[in-house]
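The values are calculated or read from the model by the stated rules, or taken from the named source; none is laboratory data. This one's a predicted model, so the numbers in the text were calculated from it and none came from an experiment. All Cβ positions, glycine included, derive from the backbone under ideal geometry; neighbour counts span all protein chains shown.
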Amino acid sequence: MNDLESLSASEAALALAQKKIKAEDLLLACLDRIGQRESLIKAWVSLGKENAIARARQLDRGGSTGLLHGLPIGVKDLFDTYDLPTSYGSPIYRDHRPTCDAVAVALMRQAGGIILGKTVTTEFATFKSGPTANPHNPAHTPGGSSSGSAAAVADFMVPLATGTQTAASIIRPAGFCGVVGYKPSFGKVSIAGVKSLSISMDTLGCFGRTVSDVALGVAAMSGDHALANVDELHNKPRIGVAKTVHWPLAQNETAAALALARFAANAIAHKGVSEVTLPSLFDSLADIQGRILNSEMSRSLLFERVHHPKLLSPKLTAQLNEGASIPYETYTNDLIYVHKAREVMNRFFIDELDIVITPSTVGEAPATKSQTGDPIFCRSWSVLGFPCININITTGPNDMPVGVQLVAGLGRDRLLLSVARALARALPDPASRAQA
């Protein structure tokens, strides 16, 4: 079998289970691709080649060890790893060597995954750009903060990679790089061993090339192995398109992507797809998300702010100072508002709709590497904690990918995955259908 690096995680997992390919051969193909492209893409902080090869050989000598048996995996450099340095995207932790894995990493290893290396994250998963380039055009941003993971999957360096999202750090880079990015329900995956920004919003997920890939990845990361089996749709779901109050910011390519997704979804939806207006409490959530994030960050990164202020970027320092100035009463009231909005939105998903289709990004990836793009279309869903998945739909004026995100009610991850795969299959372009 040739071009092993181009196999999706699900395809590779099946081929490994059937002994059609070897874990070592798959790993070497990925390493060869990295050798060809890393100088341009800069997706990796570190690689554990020797340990990875030894692990692949060990796996090839035995039987299947789990869901991820023999799959090379990129781990965002926000997750602790006992055998690789973990810098959290900051010079403060340049030589940091954790003594144990993050829970999600340990579970992926237990499932047979091979941790190939650590992928680039922005500074503490915030908004300062890293060195990573977009594989579709290196002059464009890959998004952030999970920039290295999204780029590595998009560039066929690795079939699966982990990410985190507090504002838009899975959905946005997935949209910009043209891969599938899945942010599960808040709390689905343990954040233990991951550098935290916001205790009320930090969510772990992953990137793959298909819906089945990301289901497989989060199944292993969470321990919910049933999630790996994406159900076929037996009943047509209620699907609506929500442009949201932020629609004036959407560029033409995002409007085109949403229209095409709506057209394709008509084939799988109960009584077709209508445009819906979300409950009015939703309209303020993006601003509230920003305040909660800044307030919680100012405490989460207090040690760094006090002891290493000169090693923080000016952009992050300003954000931390802004967060520290927010009265705790304001922060508390914001949390109460989110709690009420979550109840209202959960009821909306029970009474009105099963799935919302909404923009992933303002438009295609901007032609810059000095910023990671506007997170506006993701902020509200992140603060609610609802599961979201990006599906690539079309391209923009610079031939860069443009996706949409599907959102389901809290805890309805299996339905979300099923609908996302069905939507991918309904898309007119064969390359888009391959995302199923």
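What the table shows:
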| quantity | calculated |
| --- | --- |
| Test: residue in segment 229-242 that is out of contact with any helix residue (DSSP H, G or I) (no Cβ under 8 Å at 6 or more places or on another chain) and of a type in the set (D, E, K, R) | yes |
| Unmet requirement for residue 171, which otherwise passes all of (1) within 15 Å of the chain's Cα centre (by Cα); (2) surrounded by fewer than 24 Cβ atoms within 10 Å (Cβ to Cβ) | (2) |
| Residue 261 hydrophobic (A, V, I, L, M, F, W, C) and more than 15 Å from residue 356 (Cβ to Cβ) | no |
| Count of residues meeting criterion [under 15 Å from residue 394 (Cα atoms) and of a type outside the set (Val, Ile, Thr)] in segment 174-192 | 5 |
| Every residue from segment 49-72 that is in contact with a Cys (Cβ under 9 Å, 6 or more places away or on another chain) and surrounded by fewer than 17 Cβ atoms within 10 Å (Cβ to Cβ) | none |
| Answer residue from segment 73-119, given it is out of contact with any His (no Cβ under 9 Å at 6 or more places or on another chain), assigned to a helix (DSSP H, G or I) and not small (Gly, Ala, Ser) and is surrounded by the fewest Cβ atoms within 10 Å (Cβ to Cβ) among those | 110 |
| Members of segment 87-131 that are at pLDDT below 95 and within 18 Å of the chain's Cα centre (by Cα) | 127, 128, 129, 130 |
| Test: residue in segment 254-276 that is over 23 Å from residue 183 (Cα atoms), surrounded by 15 or more Cβ atoms within 10 Å (Cβ to Cβ) and not assigned by TED's automatic domain parsing to the domain that holds residue 74 | yes |
| Residues (charged (D, E, K, R) and touching a helix residue (DSSP H, G or I) at 6+ places or on another chain (Cβ under 8 Å)) located in segment 184-223 | 188, 195, 209, 213 |
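One line per residue, one yes/no per condition, for (1) touching a Leu at 6+ places or on another chain (Cβ under 9 Å); (2) within 26 Å of residue 8 (Cα to Cα); (3) touching a residue at least 12 places away in the same chain (Cβ under 8 Å):
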residue	(1), (2), (3)
350	no, no, yes
364	no, yes, yes
367	no, no, yes
436	yes, yes, yes
